[in-house]
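Here is the structure we will look at, set down as structure tokens.
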Amino acid sequence: MEQLKQQQVVCFGEVLWDILPTGSLPGGAPMNVAYHLQKLGANPSLITKIGVDDYGQDLIKLLTKAGVSTDFFYLDYNHPTGLVYAKPNEHNEVTYDIVYPSAWDFIEWHDEFEGLLASANFFVYGSLTSRNKTSRDTLYRLLDIASTKVLDINLRPPNFNRDNVEYLLGKADILKMNIAELELITGWFSQHQETADRIKLIQDQFHIPTIIITMGGDGAMVNHQGTTYTHPGFKVQVEDTIGSGDAFLAGFLSRLLQKRSIEEALGFASAMGAFIATQSGACPAYDLQNVEELQKTPIH
């Protein structure tokens, strides 16, 4: 893993607490991706904002313990640290009530971002931090200077609109979305029914070289420059699905940093996502060996 230490991924956006019936768990897609990248030997930075409250301090303590840099955490004296009220259903799917406004809605521009992005291999962003103008304006400036831009679309109604989503898609070099998000966005443009046709539509419409589609228990696929790779996924006992997509993305990027093939990256990412689904919450304690053992199990 030492070979990744000189690499860098910058994640931008929300950090928060998922308030579940069973208690509170740290979350937010950019933070989850950074957490797992750190576990995988990469060197992530996270640009975000927290409130001056216990929730914010607890996030700092948790990430510091995990070895994730909090150098680009900014304090908001007017708005609280983000909270999301998460409600799992009987199918282990989760609905989210994302509190607005939260500190991460007000991430302002700092000139030090330019130097940070200059050394970054990947810039990871989503749609959620575009719901408020302050963070949206900062994100747009970052997209103008980032090299390889990775969009983890993360559509959470009612926290997005079509114009902004199309703008973010137009900036992406790598796009990750789930099957429902693929169907929603392609529905704006066509009546395609086949997944392959939907992916090609997005690729042609927005000129995105690499598109990743996660399909839950049905596995995942990647279309890279017109070539499609598929993985059936791993059969596991699901604890919850919170953060499994973020772990998947971290696994995928970690392998790209190692110059592995798309096929290898997809296989490892699938194991990461499946393993985290066996755990409680998005950022559990685990050893990489746990993921590697799962990856060795037969695929059915």
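Structure values in brief
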item	result
Single residue of the range 103-153 satisfying the filter (within 19 Å of Val84 (Cβ to Cβ) and of a type in the set (Phe, Trp, Tyr)) that is surrounded by the fewest Cβ atoms within 10 Å (Cβ to Cβ)	Phe106
Verdict on Glu14 being modelled with pLDDT under 95, in a loop (DSSP other than H, G, I, E, B) and not small (Gly, Ala, Ser)	no
Set Asn178, Asn164: member being in contact (Cβ under 8 Å) with a residue 60 or more places away in the chain and either surrounded by 20 or more Cβ atoms within 10 Å (Cβ to Cβ) or closer than 24 Å to Asn223 by Cβ (or both)	Asn178
Residue check, His207 under 21 Å from Leu182 (Cα atoms) and out of contact with any helix residue (DSSP H, G or I) (no Cβ under 7 Å at 6 or more places or on another chain)	yes
Boolean, Leu83 is in a strand (DSSP E or B), touching a residue at least 40 places away in the same chain (Cβ under 8 Å), over 23 Å from Ile145 (Cβ atoms) and over 17 Å from the mean Cα position of the chain (by Cα)	yes
Among residues of the range 133-171, those that are polar (S, T, N, Q) and within 22 Å of Asp97 (Cβ to Cβ), counted	6
Selection within the range 214-226 - surrounded by 22 or more Cβ atoms within 10 Å (Cβ to Cβ) and within 17 Å of Ser261 (Cα to Cα)	Ala220, Val222, Asn223
So Asn223, is it among the polar types (S, T, N, Q) and either within 18 Å of Gly13 (Cα to Cα) or under 16 Å from the mean Cα position of the chain (by Cα) (or both)	no
Number of the exception - Leu169 against (1) at positive phi; (2) surrounded by 16 or more Cβ atoms within 10 Å (Cβ to Cβ)	(1)
Pairs with Cβ under 6 Å, 6+ apart, first in the range 204-225 and in contact (Cβ under 8 Å) with a residue 40 or more places away in the chain, second charged (D, E, K, R)	Ile212/Lys176
Hits in the range 39-83 - residues which are among the small types (Gly, Ala, Ser), closer than 29 Å to Asn121 by Cβ and surrounded by 15 or more Cβ atoms within 10 Å (Cβ to Cβ)	Gly41, Ala42, Ser45, Gly56, Ala66, Gly82
Members of the range 264-283 found to be crowded, with 17+ Cβ neighbours inside 10 Å and either of a type in the set (Gly, Ala, Ser) or without any contact (Cβ under 8 Å) to a residue 12 or more places away in the chain (or both), listed by number	Ala265, Gly267, Ala269, Ser270, Ala271, Gly273, Ala274, Ala277, Gly281, Ala282
The range 136-188: number of residues that are among the polar types (S, T, N, Q) and under 18 Å from Val9 (Cα atoms)	3
Residue count for the range 87-122, restricted to those that are within 27 Å of Val52 (Cα to Cα) and either assigned to a loop (DSSP other than H, G, I, E, B) or among the aromatic types (Phe, Trp, Tyr) (or both)	13
Residue among Ala269, Ala265, Ala247, Ala277 that alone is of a type in the set (Gly, Ala, Ser) and under 19 Å from Ile19 (Cα atoms)	Ala277
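The values are calculated or read from the model by the stated rules, or taken from the named source; none is laboratory data. Not measured: the values here are computed from a predicted model. Backbone-built Cβ (ideal geometry, glycine too); neighbour counts: all protein chains shown.
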